[in-house]
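The structure appears below as structure tokens.
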Amino acid sequence: MTAAPAAALAGGPVRIALVGSPNTGKTTLFNALTGSAARVGNYPGVTVERREGALVRASRDVRILDLPGTYCLDGETPDEKVVADVLAGRIAGEPIPDALLVVADATTLQRGLGLVRETLKRGLPTLLVLTMIDEVKARGGRLDVMRLARTPYIHVVGVVGHRGVGLYQLRAFIGHPVTW
């Protein structure tokens with residue numbers, strides 16, 4: 001059982017971190033949620049520090065943190081250390097996030113499941129966001145997001161960030177991490 005995020009209970013701003021492997025669409029999702037125009041690229045190291053933006057069209061103050069790509073939560077590269085430091089509360093003046101959005105590329109889902117497991121062990125409200133769900137179908141694959149969403153351990157939302165697909169459903173979850 002996880003504790004409710006302190007900010008959610010106090011009515012203050014909710015801080016949600018985007019966590020995922022490199023090139024899973026975290027920054028594209030960050031831009032779609034915050035209205036930002038952060039740089040996006042198809043190579044490691046594009047996001048080497050954390051970015052923060054406000055969730056647009058939100059009924060409450062929600063801050064989204066775009067963290068660098070990481071394959072594990074206790075990594076050794078500079079990018080991975082930023083993620084570890086943010087999640088452990090080792091950044092001066094920055095509280096531990098209230099919740100985590102784990103971003104995984106649906107075309108390589110199996111590769112991202114280890115990171116999903118690690119984030120769940122943190123005990124924070126966690127939501128799995130599957131990006132590139134359109135690519136699965138385009139490649140002849142099949143992914144039943146609704147079935148995955150019924151798993152008792154984590155909520156799942158499928159999105160195509162650059163097209164806005166699934167963002168309405170994601171926004172409905174984001175403002176209320178205590179319900180995750």
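The values are calculated or read from the model by the stated rules, or taken from the named source; none is laboratory data. Since this is a predicted model, take the numbers as computed values, not measurements. Every residue, glycine as well, gets a Cβ built from its backbone with ideal geometry; the counts of neighbours run over all protein chains shown. The area values use the complete protein model at the heavy-atom level, side chains included, leaving out ligands, DNA and RNA. Shrake-Rupley method; radii C 1.70, N 1.55, O 1.52, S 1.80 Å.
Looking only at region 137-159, count every residue that is more than 16 Å from VAL62 (Cβ to Cβ), among the β-branched types (Val, Ile, Thr) and modelled with pLDDT of 85 or more and tell me the total.
The qualifying residues number 3.
In region 86-112, what count of residues is obtained for those that are in contact with an Asp or Glu (Cβ under 6 Å, 6 or more places away or on another chain) and either modelled with pLDDT of 95 or more or under 17 Å from VAL159 (Cα atoms) (or both)? Full working, then the answer.
So in region 86-112, the residues in contact with an Asp or Glu (Cβ under 6 Å, 6 or more places away or on another chain) come out as 91, 107.
Pick out the ones that are also either modelled with pLDDT of 95 or more or under 17 Å from VAL159 (Cα atoms) (or both) and you get 107.
Residues meeting the conditions: 1.
If I go through region 161-172 residue by residue, how many of them are open to solvent by less than 60 Å² (accessible area, probe 1.4 Å) and either at pLDDT 85 or above or farther than 25 Å from ARG57 by Cβ (or both)?
Of the residues in that region, 3 qualify.
Could you list, in sequence order, all residues of region 113-125 that are closer than 16 Å to HIS155 by Cβ, open to solvent by less than 30 Å² (accessible area, probe 1.4 Å) and either part of a helix (DSSP H, G or I) or among the acidic types (Asp, Glu) (or both)?
VAL116, THR119
Within region 86-111, restricting attention to residues that are buried (at least 16 other Cβ atoms within 10 Å of the Cβ) and part of a helix (DSSP H, G or I), which residue is farthest from the chain's Cα centre (by Cα)?
At the first step, the residues of region 86-111 found to be buried (at least 16 other Cβ atoms within 10 Å of the Cβ) are 86-87, 96-107, 109.
Checking which are part of a helix (DSSP H, G or I) leaves us with 86-87, 106-107, 109.
Values: VAL86: 14, LEU87: 13, ALA106: 14, THR107: 17, LEU109: 14 Å.
Applying the filter and picking the extreme gives THR107.
Within region 130-180, count every residue that is under 13 Å from the mean Cα position of the chain (by Cα) and part of a helix (DSSP H, G or I).
Residues flagged as under 13 Å from the mean Cα position of the chain (by Cα) and part of a helix (DSSP H, G or I) within region 130-180 amount to 6.
Filtering region 37-62 down to residues that are outside any loop (DSSP other than H, G, I, E, B) and surrounded by 18 or more Cβ atoms within 10 Å (Cβ to Cβ), which residue is modelled with the highest pLDDT?
Here is the first cut: in region 37-62, the residues outside any loop (DSSP other than H, G, I, E, B) are 51-54, 62.
Filter once more, so that each one left must be surrounded by 18 or more Cβ atoms within 10 Å (Cβ to Cβ): 51, 62.
Working: ARG51: 85, VAL62: 93.
Step by step, filter region 37-62, then rank; the result is VAL62.
How do the pairs read when you match residues in region 97-115 that are without any contact (Cβ under 8 Å) to a residue 40 or more places away in the chain with residues anywhere that are charged (D, E, K, R), using Cβ under 8 Å and keeping only pairs 6 or more apart or on different chains?
Cβ pairs passing all conditions: THR107/GLU135; THR107/ARG139.
Looking at (1) under 24 Å from GLY12 (Cβ atoms); (2) among the charged types (D, E, K, R); (3) free of Cβ contacts under 8 Å to residues at least 60 places away in the same chain, which is the one condition that is false for ARG171?
(3)
Inside region 129-154, can you point out the residues that are closer than 30 Å to GLY89 by Cβ and either polar (S, T, N, Q) or touching a helix residue (DSSP H, G or I) at 6+ places or on another chain (Cβ under 6 Å) (or both)?
Scanning region 129-154 gives LEU130, THR131, THR151.
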